[in-house]
Amino acid sequence: MSDTTPPFPDHNPPDGIPAPPLPRPDLRDIKHEGPTYGSEKSSKKRKTKTRTHPTDPYEPLKRKRGCGCCGCLGGSLSVLILLIVAFVSAATYFGPGRFVAEGYTVVNLKDGEAHVNAAPDEPTLYIGRAVTYSAPLTSVPVAIIAREITVSGDFLKKVSLTGAKVTALSTARFAENLKVYAAEFIDQGITLKGELSGRVMKSLP
């Protein structure tokens, strides 16, 4: 009869024999290791987001730009000069300055309601508030600048009328060109052999 009793019934080594050491972790298995700081993946991600190299060829995303001239003060002065030139040009070609340059004599009608019954002997510019021009025959160029203008009579030379309200009576006859700048132009049946030019916002028959 054989002895079937295990040599170590309690699965423990007998006294005096040390226990076997615990198995070492596999150092090649990164699953059992801690976090890997500074890995290749994280370093690549950091390089794509920031650019700290001193010889970076890319231009910055935002650049501070000036006004296009020699600084903001120089740009403002340039704009101011352009506005002054434009104002002077407008006054020269569309205002009284244009007629003065052409040799017109300026007559300032200070009365609130002025009446011109006699025609001038030379090209004349009349300036007033409410001007009624009713000379029978005018043989020189005439220009009128006023808030309200009423004209009648025969005009042998060119005529220019500038006002908020311009009224040309049926007895007004123009042998040459008529230029009208008005917010409201009332034509009561004029006779015009030349050309009508200018700018009118509202025209009434």
**Q.** Count - residues of the range 120-152 that are touching a strand residue (DSSP E or B) at 6+ places or on another chain (Cβ under 9 Å) and surrounded by fewer than 19 Cβ atoms within 10 Å (Cβ to Cβ)
**A.** 14
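Yes or no: Ala118 more than 21 Å from Gly194 (Cα to Cα), modelled with pLDDT of 95 or more and of a type in the set (A, V, I, L, M)? Steps first, please.
Values: more than 21 Å from Gly194 (Cα to Cα): yes; modelled with pLDDT of 95 or more: yes; of a type in the set (A, V, I, L, M): yes.
Judged against the criteria, Ala118 is a match.
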Q.
Of the conditions (1) at pLDDT below 95; (2) more than 37 Å from the chain's Cα centre (by Cα), Phe174 satisfies every one except a single condition; which number is it?
A. (1)
(Q) Every residue in the range 183-200 that is closer than 12 Å to Thr167 by Cβ and charged (D, E, K, R), please. (A) Glu184, Asp187
Q: Might you let me know whether the range 104-118 holds any residue that is within 33 Å of the chain's Cα centre (by Cα) and free of Cβ contacts under 8 Å to residues at least 24 places away in the same chain?
A: no
Q. When the range 158-177 is examined, which residues are found to be over 20 Å from Pro205 (Cβ atoms) and aliphatic (A, V, I, L, M)?
A. Ala175
Q) Considering only strands (runs of 3 or more DSSP E) fully contained in the range 99-188, which possess at least 2 residues that are of a type in the set (A, V, I, L, M) and either in contact with a Lys or Arg (Cβ under 8 Å, 6 or more places away or on another chain) or at positive phi (or both)? A) 159-174, 178-187
Q.
One residue is enough: does the range 167-184 have a residue meeting the conditions within 20 Å of Asn108 (Cβ to Cβ), touching a strand residue (DSSP E or B) at 6+ places or on another chain (Cβ under 7 Å) and of a type outside the set (D, E, K, R)?
A. yes
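The values are calculated or read from the model by the stated rules, or taken from the named source; none is laboratory data. Since this is a predicted model, take the numbers as computed values, not measurements. Using ideal geometry, Cβ is built from the backbone for each residue, glycine included, and neighbour counts are taken over all protein chains shown.
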